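Here the structure comes first, spelled out in structure tokens, and everything after it is commentary.
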Amino acid sequence: MRTRILRFDGAVERDPAIEAWFGAREGELGELARRWFGVLRGCGDEVREVLHDGCPVACLGDAPFGSVNVFSTHVNVAFFHGAALADPAGLLEGQGRFMRHVKLRRGVSVDSAALRRLIESAFADIKDRVGQE
């Protein structure tokens, strides 16, 4: 049995509040967040975005699948249904019922191909979930 899908009102093609959010986060961590949010945005023409709980969220329509956030020492790339994603590279962290995230730190390389696959998988997963409603 599948769980109900979380929905966010106000998701739009390009949210000016998100550009302002990135503008306030300079430096390496801000650039990491911008880069990976760009990958989330690039998943498809139907991707929408919204600033929710203080961070940029990528949605399929109004159904969120990923987000980024900048902290003092790292960036999180988070997945709303991350617990359901295959993660052969072992990048995902977290113990929540649904959410998982990848921590990106200054000067520490990440398996970019594996992170891209997680993002693509998260988008495919939300498309499947929305299609089954």
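Please verify whether region 90-99 includes one or more residues that are closer than 18 Å to S121 by Cα and in contact with an Asp or Glu (Cβ under 8 Å, 6 or more places away or on another chain). Yes - at least one qualifying residue is present in region 90-99.
Can E13 be described as buried (at least 19 other Cβ atoms within 10 Å of the Cβ), in contact with an Asp or Glu (Cβ under 9 Å, 6 or more places away or on another chain) and among the acidic types (D, E)? Criteria not met by E13.
Per this entry, V68 is counted among residues that are without any contact (Cβ under 8 Å) to a residue 60 or more places away in the chain, in contact with a helix residue (DSSP H, G or I) (Cβ under 7 Å, 6 or more places away or on another chain) and crowded, with 21+ Cβ neighbours inside 10 Å.
Filtered by the rule that a residue be within 22 Å of V110 (Cβ to Cβ) and part of a loop (DSSP other than H, G, I, E, B), region 2-35 gives R25, E26. Exactly one residue out of G38, G27 is of a type outside the set (A, V, I, L, M, F, W, C) and farther than 22 Å from L118 by Cα, and it is G27.
Throughout, read-outs are computed from the coordinates displayed, never taken from laboratory work. Quantities reported herein were computed from a predicted structural model and do not represent experimental measurements. For neighbour counting, all protein chains shown are included, and Cβ atoms are generated from backbone atoms with ideal geometry for every residue, glycine included.
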